[in-house]
Each structure stands twice: as structure tokens, then as C-alpha cells.
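Here the structure comes first, spelled out in C-alpha cells, and everything after it is commentary.
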Amino acid sequence: MEKLKPRMLLVAKEIKKAIFHSRPIILRHHADADGITSAIAIERAILPLITDIGGTDAEYYFYKRAPSKAPFYELADVTRDISFALEDSSRHGQKMPLVILVDNGSTEEDVPSMRQARVYGIDMLVIDHHHPDEIVDQYLIGHVNPAHVGGDFGVTSGMLCTEIARMINPKVSDTIKHLPAVSAVGDRSEAPEAARYISLVSDHYTLEELKEMALALDYEQFWLKFSSGKGLIDDILDLGDNAIHNKLIFLLCEQANTMIKEQLEICLFNVKSQKLANDAIMNVIDVENYAQKFTFPPPGKTSGEVHDILVKKSPGRAIVTIGYGPDFAVIRSKGILMNIPRIVRELREEMKGAGVSGGGHLVVGSIKFVEGMRTEVLAKLAEKIASTKVEY
Ligand code: MN
């Protein structure tokens, strides 16, 4: 975190500059607990400044927060952002916005959108902890990612954004102090930083309460779809009325846990496990045909929950869980020295006509491919995992 400080200060400065110049800000975040806490930390810091500069209504004209469903800045998102910006510009004479991508934006998959934004001279900042691709930097005026200084995804975006938020507006420090801890449990960070942020707020929130907030965020964002959930999200994060917070968390977690339990009862029954050549256990689940669809938990989270349970069943073993659908696979792993972005690159090069893309973190990620090549891609994927070193 200390090593990232110069880059964080630069990003904080650019955000403040935009506010002082009445440049609208679009805050785009990954639609999960880490992404939401990242965005809320920044939001809390900048809203008072935006109001100071532009008056009481300013936040409606100069600020927008929106989740991105894909784990990157999709073309659908950028197209929407550009067309609204152009409308605001011709109707109200507004400047083109500053776009801030949080818990998103570090990878090659963001580039097509970044290129579109560049046509209109839209400045972009990225605060992310997904494994970064160098190619994005030419499109950004600031980029904070722990991998740039030898760190990894254990330092979550929520931690980074909270520290940047405090640089922008130190007055919010106390209000947002628990957000890094929520982000850490949301992203299952096992980094030493996670333990320290959790203990920082342990007099206010137990570990269980932090986990409940993270689960409630994931659950609520699923139903919010493309909405920001302003207000609702604040209540989940205990930034409003505490009595409502307690009632809401209790209800949302009760519903989410019931649905997860039902989903798991179906899925676990249909998991196929095998031992790989490297002694790792590979669990495979067809989330298209053996899981409930279009409801919570979605395929990614379902695969994660299945993985967590199977990891608990075999402590000390290297385990990989693959949840696949017709044209995608979600990968979760433990104890295997995986590099998913590299695997994706290799599959793309080796399998012509399979249309492989994707990425994510080194050990947790997702892959897309064309439906007709599913069997071949999954076989090749299993082969690559089987030849990866295990940690124990
Ligand atoms: Mn994250």
C-alpha cells in the first residue's frame, strides 16, 4: 500500500481537479461487494466537494455511479456513457466527463471501450486489483493496481479506493473505515492487509457482520441489475439509519442464504470430481443444466460456493472447481499455481475457431468460448490445469 501511495495521490489529484473544474464524474464499478464498496468510498468523499462547488443540485448533474455487469468496461456501458455525455453537453453545455473505473478496468478486455472514450477525449482513471495488462495504460491518465509494485489481488479495490477517498476528503475517514474490511471478506482476501482492516473495525463489527454486509451487497446488486441502488446500498453498508440497516441485513441474508442452500443442494449432487496428474482434485459442474437459472446465486457465485464447500471437505488438498455453461466456464482454485490470464492466452492461440477470451485474477477467473467448441476447450483447459504445479 505504501508503495502505491504516489500513484494513489495522482489519482486523488485528478479526481479533485475534475470536481473543481465542474467536470462531470462517471464512477463505474464491478457489480460485486468489492466493487460496490470501492465506489461508495469514492462517492462519500466526492459528493460533499461536488455540492460545495456546484450547489445543492450539483450531484445530479455532475455525478453518476453505475455498476458494470461484466467484469470489465463493456461496450454497452461506454456507449451509454458517451451518448448521455453528448446529450448533457449539447443540452446543458457540460464538459465531457471523467470516467473512473473501480475494481474493473485493468485488463485488455477494457480496451475496446477505452478506445471509444478516447475518440471524445474522455479522461479515464482505473483503480483495480485484477491482473493488469500493460496495454491499458496508454488510455489512462492514472492507474492504481497492486501488481504494479509486486503486490497481488489480496489488496482489494475497496482498500485502495478507501485510501484514495481519504486523500480526496480526509473528513470521511471515519464514515468509510469499515468498507475495506467488507471488501476483503467479499473478495475472500487472505492478505495481511485484510486482517488489519478487519481488526481496525472489530470494535464495531464482528467478522460475521462484515460477511453479512458483503453477502447482502451481492444479493441486492443481483436484483438491482444495472441500477446503482442509491440509498439501499447505503443502508446495507450502515451509512444511514442503523435500525433499518439491521432489519435489512437480517432479511437480505436470510433470503440469500436460503437460495444459496437450495442451489447447493441441487449442484453438489451433480458435481463430478476426478484426480488430476498433478494430484489436484478437479470438480466440474454443469451450471447450465444442473443449477437453477436466472436467479440468485448466478453461475459465478454458484461455482464459488460449490468450490468453498469442496475445499472444506478436503483440507490440505489442491483443488480446482470449474462451473461451465454452454459458452463459458468459471474457475475457482486453491493450492494450484494457476495463471488464468496466461491459460486464456494460450487457449486462444492454440485453438483456432474456439473464440476463447476472458481472464480475471491469477487463480480465479472466467473463460468464454463458442458453444460448438465447448467439449474441446474444457478438455484442453483440464489438460493445462493438470500440468500446473500444486503448492502442497
Ligand atoms: Mn475485486
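The values are calculated or read from the model by the stated rules, or taken from the named source; none is laboratory data. Keep in mind it's a predicted model, so treat the numbers as computed, not measured. Virtual Cβ from ideal backbone geometry, glycine too; neighbours counted across all protein chains shown. What goes into the accessible areas is simple: the full protein's heavy atoms, side chains included, and nothing from ligands, DNA or RNA. Shrake-Rupley method; radii C 1.70, N 1.55, O 1.52, S 1.80 Å.
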Number of positions in the range 289-306 that are within 14 Å of Val330 (Cβ to Cβ) and either open to solvent by less than 30 Å² (accessible area, probe 1.4 Å) or not assigned by TED's automatic domain parsing to the domain that holds Arg332 (or both): 7
Unique match (being exposed (fewer than 15 other Cβ atoms within 10 Å of the Cβ) and among the β-branched types (Val, Ile, Thr)) among Thr79, Thr37, Thr107: Thr79
Residue match in the range 330-337 (condition: open to solvent by less than 50 Å² (accessible area, probe 1.4 Å) and assigned to a helix (DSSP H, G or I)): no
Selection count, the range 168-186, where residues are hydrophobic (A, V, I, L, M, F, W, C), open to solvent by 10 Å² or more (accessible area, probe 1.4 Å) and more than 15 Å from the ligand (Cβ to nearest atom): 1
Exclusive hit being open to solvent by 30 Å² or more (accessible area, probe 1.4 Å), within 23 Å of the chain's Cα centre (by Cα) and not charged (D, E, K, R), set Ser227, Ser202: Ser227
3 or more residues in contact with a strand residue (DSSP E or B) (Cβ under 6 Å, 6 or more places away or on another chain): qualifying helices (runs of 4 or more DSSP H) within the range 32-127: 33-54
Members of the range 341-364 found to be touching a residue at least 60 places away in the same chain (Cβ under 8 Å) and touching a Gly at 6+ places or on another chain (Cβ under 6 Å), listed by number: Pro341, Gly359
Selection from the range 226-247 of residues that are touching a Leu at 6+ places or on another chain (Cβ under 8 Å) and either part of a loop (DSSP other than H, G, I, E, B) or in the same structural domain as Tyr290 (by TED's automatic domain parsing) (or both): Leu237
Residue identified as part of a helix (DSSP H, G or I), among the small types (Gly, Ala, Ser) and open to solvent by less than 20 Å² (accessible area, probe 1.4 Å) among Ala165, Ala147, Ala195: Ala165
Answer from Gly121, Gly158, Gly154 - the residue that is without any contact (Cβ under 8 Å) to a residue 40 or more places away in the chain, of a type in the set (Gly, Ala, Ser) and either open to solvent by 30 Å² or more (accessible area, probe 1.4 Å) or within 16 Å of the ligand (Cβ to nearest atom) (or both): Gly121
Flag for Ala66 being crowded, with 22+ Cβ neighbours inside 10 Å and either within 16 Å of the ligand (Cβ to nearest atom) or in contact (Cβ under 8 Å) with a residue 40 or more places away in the chain (or both): no
Where a residue in the range 14-32 is closer than 21 Å to Leu86 by Cα and its partner, wherever it lies, is within 16 Å of the ligand (Cβ to nearest atom) and of a type in the set (Phe, Trp, Tyr), with Cβ under 7 Å and at least six apart: Arg28/Tyr73
Failed item, numbered, when Leu252 is tested on (1) of a type outside the set (Val, Ile, Thr); (2) within 16 Å of the ligand (Cβ to nearest atom); (3) in a helix (DSSP H, G or I); (4) open to solvent by less than 40 Å² (accessible area, probe 1.4 Å): (2)
